[in-house]
1. For segment 218-233, how many residues meet the condition of being within 13 Å of the ligand (Cβ to nearest atom) and surrounded by fewer than 22 Cβ atoms within 10 Å (Cβ to Cβ)?
2. For a quick check of your reading of the model, give me the residue pairs whose first member lies in segment 206-224 and is closer than 12 Å to residue 237 by Cβ and assigned to a strand (DSSP E or B), whose second is modelled with pLDDT under 95 and within 11 Å of the ligand (Cβ to nearest atom), with beta-carbon atoms closer than 7 Å and at least 6 apart or on different chains.
3. Against the conditions (1) within 14 Å of the ligand (Cβ to nearest atom); (2) more than 13 Å from the chain's Cα centre (by Cα); (3) assigned to a helix (DSSP H, G or I), where does residue 237 fall short? Just the number, please.
4. Touching a residue at least 12 places away in the same chain (Cβ under 8 Å), more than 21 Å from residue 249 (Cβ to Cβ) and more than 16 Å from the chain's Cα centre (by Cα): does that describe residue 79?
5. Filter segment 22-43 down to the residues that are under 14 Å from the mean Cα position of the chain (by Cα) and more than 12 Å from residue 58 (Cα to Cα) and list them by number.
Ligand code: PEP
């Protein structure tokens with residue numbers, strides 16, 4: 001069966017020293033009080049090699065927030081999937097709405113990134129979600145269906161290695177959250193698209209996370225939906241108490 005996962009997205013926050021301290025504090029808290037779901041922290045590239053050895057891999061997985069769409073070579077400033085994997089990281093967020101909006105990441109670019117992540121044995125946490133105008137025009141289903149083109153070329157076996165994150169862009173960092181019913185409705189729709197493409201078993205085994213102003217107060221209700229398998233957490237992943245409270249939403 002699919003896994004429940006709570007993944008943190010640190011974005012462009014924390015110096016190396018601050019990030020190491022945050023990872024150490026989270027690790028101590030989770031080693032002392034084991035989570036009942038998988039926990040992942042996705043950090044800036046420069047933190048990865050320092051963070052992976054200090055967390056207990058039995059309780060925390062580590063990931064990057066992006067990787068290049070090229071294998072290697074003259075791409076100044078880029079970081080390849082192979083480089084990410086060489087730090088010991090196991091995950092990579094791809095297709096985050098901030099990457100799509102500010103760095104022009106298209107379906108085609110993201111297809112390359114997904115392929116390279118999988119070729120380097122990284123688990124993509126692939127983000128999809130509509131902007132406010134699209135939600136207001138009731139176009140959210142068409143939008144997420146189109147975004148899934150970056151992963152729907154994969155074989156069923158490859159697709160089985162992908163984690164999806166539905167993140168309504170209007171809820172990211174805004175304090176506005178999708179209602180529990182809105183989240184369930186679109187997660188069920190996304191799962192139906194996977195079932196159409198790959199069959200029911202693959203769909204049932206796919207973890208679909210919700211992201212967008214998830215916090216200790218709303219996590220339990222969001223995660224209680226049958227098609228919401230955890231969360232991708234931005235702001236609240238920067239404070240151990242808040243992130244742990246979200247992780248603990250899976251406890252009875
Ligand atoms: C995110 O960036 O993936 C996110 C969900 O951010 P926040 O939790 O801050 O809304």
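1. 1
2. Within 7 Å, the pairs are 211/172.
3. All conditions pass for residue 237, except number (2).
4. So residue 79 passes the test.
5. 41, 42, 43
For (1) touching a strand residue (DSSP E or B) at 6+ places or on another chain (Cβ under 8 Å); (2) surrounded by 15 or more Cβ atoms within 10 Å (Cβ to Cβ); (3) modelled with pLDDT under 95, each residue gets a yes or a no:
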| residue | (1), (2), (3) |
| --- | --- |
| 1 | no, no, yes |
| 20 | no, yes, no |
| 30 | yes, yes, no |
| 33 | no, no, no |
| 45 | yes, yes, no |
| 59 | yes, yes, no |
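The values are calculated or read from the model by the stated rules, or taken from the named source; none is laboratory data. All values reported here derive from a predicted model rather than from experimental measurement. Note that each Cβ is placed from the backbone with ideal geometry, even for glycine, and that neighbours are counted across all protein chains shown.
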